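Let me begin by presenting the structure, written as structure tokens, before commenting on it.
The values are calculated or read from the model by the stated rules, or taken from the named source; none is laboratory data. Just so it is clear, the structure is predicted and the values come from calculations on it, not from any experiment. No Cβ is skipped: glycine too gets one built from the backbone with ideal geometry, and neighbour counts run over all protein chains shown.
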Amino acid sequence: MTIGSSNFGELLWPGIKTLWGHRYNQYQPLYSMWAQTATSDKAFEKYQGVTGLGLAAVKPQGKSVSFADPLLGFQSLITNVSYALATSVTREMNDDDQYGYIKRLPGMLSEAMRKTEETIAHNMLNNGFTTQTAADGLSLFNASHVTMDGSETFSNLPAVTADLTQASLEAAEIAIGNFPDERGQPALVKGKTLVVPVDQRFTAQKILQTSAEVDTANNTMNPMKGAYSLVVSPYITDPDSWFLITDVEEGLIFQRRTAAEIAKDGEFTTLNMRFSTFTRFGVGSINPRCAYGSAGA
């Protein structure tokens, strides 16, 4: 639909105090606070898993050193997808707009694209219990992840879905600390960032900012105080869910192929002005040790 005097006629004469509903505050992209951002120069990128060499063996005197080979493991492919949006306005509407609304259209397109990126990126977490998979082919949050050498399995979700509490967060950190590497040895992983929906904001703040044990009469210290940075995101769709992002690299990837851009041109036959925005990026979850998630009770 083209913006013109027939559908936006109220903007052609004085009398409106202000226009509302089309712009809100802008903040640093939330996904950049918990996902790894990368650049790409291809249609797709492959992320290949490899193992280390495992443990050293005892060498008896005069005997040969034991040899070991690394293993080629799981591979992930992230395809860069094109996203675009456009709008148009008649020449007359552009000339006669009394409130500068038309001049704000490029900004509105920019905001729409930014929200698109946030939505797609956050769906790695939102869909992590179902359709979003890790490199091993299992859902990102799964109780049966396997090491590349097949020697160990591990879980990055609670055995029974749990709401966000101090106890459930402590259990998550314990599970993360026990993650095996690709050879079945300790991976030495730690929690780094807690991502919660808006509904869990105050619960998370109490857990991370209270000195004593939370929601009890016990005079016991709270080991979770200051343990993680906190990201409160309206793009998390389940109000009970919560996610603890770890310090593992090559985990949750936001891969940029083409930076978001704004274009404007005129249509010769109608004299309409057209505005568009375009970008290309891909997202993917590689190493399941990158996060621990709970869908809530």
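A few points about this structure:
- Leading residue by the ranking (surrounded by the most Cβ atoms within 10 Å (Cβ to Cβ)) among those in region 242-260 that are among the hydrophobic types (A, V, I, L, M, F, W, C) and over 13 Å from ARG280 (Cα atoms): PHE243
- Taken over region 259-297, the criterion of being β-branched (Val, Ile, Thr) and touching a Ser or Thr at 6+ places or on another chain (Cβ under 6 Å) is satisfied by ILE262, THR279, ILE286.
- Residue match in region 57-70 (condition: more than 21 Å from the chain's Cα centre (by Cα), modelled with pLDDT under 95, part of a strand (DSSP E or B) and of a type in the set (Phe, Trp, Tyr)): no
- Put simply, of ALA263, ALA227 the only residue that is more than 30 Å from GLY137 (Cβ to Cβ), free of Cβ contacts under 8 Å to residues at least 24 places away in the same chain and surrounded by fewer than 20 Cβ atoms within 10 Å (Cβ to Cβ) is ALA263.
- Check on GLN185, surrounded by fewer than 17 Cβ atoms within 10 Å (Cβ to Cβ), closer than 30 Å to LEU72 by Cβ and either at pLDDT 90 or above or out of contact with any Leu (no Cβ under 8 Å at 6 or more places or on another chain) (or both): yes
- Condition broken by SER233, with the remaining ones in (1) more than 14 Å from the chain's Cα centre (by Cα); (2) hydroxyl-bearing (Ser, Thr, Tyr); (3) buried (at least 18 other Cβ atoms within 10 Å of the Cβ) satisfied: (1)
- Matching residues, region 143-172, being in contact with a Lys or Arg (Cβ under 9 Å, 6 or more places away or on another chain) and either of a type outside the set (A, V, I, L, M) or not in a loop (DSSP other than H, G, I, E, B) (or both): HIS145, THR147, ASP149, SER151, GLU152, PHE154, ASN156, GLN166
- Number of the condition not met by THR203 [criteria: (1) out of contact with any Leu (no Cβ under 6 Å at 6 or more places or on another chain); (2) farther than 13 Å from PRO288 by Cα; (3) touching a residue at least 12 places away in the same chain (Cβ under 8 Å); (4) not acidic (Asp, Glu)]: (1)
- Test: residue in region 262-278 that is within 22 Å of GLN28 (Cβ to Cβ), among the aliphatic types (A, V, I, L, M) and at pLDDT 95 or above: no
- Some residue of region 102-125 being in contact (Cβ under 8 Å) with a residue 24 or more places away in the chain and either part of a loop (DSSP other than H, G, I, E, B) or under 30 Å from ASN218 (Cβ atoms) (or both): no
- Residue among ALA167, ALA86, ALA134, ALA171 that is at pLDDT 90 or above, within 23 Å of MET33 (Cβ to Cβ) and either surrounded by fewer than 16 Cβ atoms within 10 Å (Cβ to Cβ) or of a type in the set (A, V, I, L, M, F, W, C) (or both): ALA134
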